[in-house]
1. Leu161 is checked against (1) in a strand (DSSP E or B); (2) out of contact with any Lys or Arg (no Cβ under 9 Å at 6 or more places or on another chain) and fails just one. What number does that condition carry?
2. Return yes or no: is Val191 of a type in the set (Val, Ile, Thr) and either over 17 Å from Thr52 (Cβ atoms) or in a helix (DSSP H, G or I) (or both)?
3. Listed residues Glu200, Glu105; which is at pLDDT 90 or above and either more than 22 Å from Ala71 (Cα to Cα) or not acidic (Asp, Glu) (or both)?
4. Residue by residue through region 87-107, note down the ones that are crowded, with 18+ Cβ neighbours inside 10 Å and in a helix (DSSP H, G or I).
Amino acid sequence: MIPPRDGGGCPAVRVGGLVKRYGARAVLKGVDLEIAPGERVALVGPNGSGKTTLMRCLLGLVRATGQVRIAGHDAWSEHEAAQVHVAYVPQRAPGLPATVAQVVEFWSATRRLGAERLGAVARVFGLDVEALGTVPFTALSGGMQQKLLAAMALATECPILLFDEPTANLDPQAREVFLAMLRDRRPAPTVVLSSHRLEEVTHLVDRVLVLTDGRITFDAPVDRFLTEPGVAAAAGMDTGGRVVPFGRTR
């Protein structure tokens, strides 16, 4: 594995002129974006606006025209060097053909961290990975799968965390655990969070991007987002016209 580097003071994420087409249909239509190290950004928008495609471009999993750089590395031509900085939680767990123990072993080998570290974070979610070791990952409930994936991301030392609706399958208690662990993590990571949940946007981020029909149509601090109900409603969120207090310490 290529060792992490600090990116030499460059943006944690830089996207320039990003266009992605599936046949004749353009999903991303010239996205430009910079995210500074330690910044926490919500990516919101209606279903089908291109959020997941953008996330997958940041991960180097989807090819597109334009530029994507992660910690100074090209997301595609320098994929390994870029992704060593990144931990990711998808909206839906993949159908991993492995037992829980094998998933933990793979995580430990690729992240070069002890399995006990992952076990400790998983226990905070109420998940005993040792007891579940022989259970196929696909035999776990959706909530248990998501807890394990969240623990795998939060147990890393990655400075950039990408989350695509990470709490969609979590129960309320696990959701609170996830939000608290992410909010309190030090040093503060760069976070890109795709979410439809107002409380996640309110309490975790300091900047909101609205993606509409493949374009960024709003980019401003979270308090402005919350005081403009027309923007929030168009992004699939209802603030009721209220300013919702938020707090986050670095």
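The values are calculated or read from the model by the stated rules, or taken from the named source; none is laboratory data. The shown structure was predicted, so the numbers you read here are calculated from the model rather than taken from an experiment. Using ideal geometry, Cβ is built from the backbone for each residue, glycine included, and neighbour counts are taken over all protein chains shown.
1. The one condition Leu161 does not meet is (2).
2. Here the answer is no, as Val191 does not meet what is asked.
3. Working: Glu200 fails: at pLDDT 90 or above.
Being at pLDDT 90 or above and either more than 22 Å from Ala71 (Cα to Cα) or not acidic (Asp, Glu) (or both) holds for just one of Glu200, Glu105, which is Glu105.
4. If the condition is that a residue be crowded, with 18+ Cβ neighbours inside 10 Å and in a helix (DSSP H, G or I), then Val100, Val103, Val104, Trp107 are the ones that fit.
Every residue, every condition in (1) closer than 20 Å to Val222 by Cα; (2) crowded, with 20+ Cβ neighbours inside 10 Å; (3) at pLDDT 95 or above, yes or no:
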site: Asp6; (1), (2), (3): no, no, no
site: Cys10; (1), (2), (3): no, no, no
site: Val19; (1), (2), (3): no, no, yes
site: Ala24; (1), (2), (3): no, no, no
site: Gly30; (1), (2), (3): no, no, yes
site: Glu34; (1), (2), (3): yes, no, yes
site: Val41; (1), (2), (3): yes, yes, yes
site: Gly45; (1), (2), (3): yes, yes, no
site: Thr52; (1), (2), (3): no, no, no
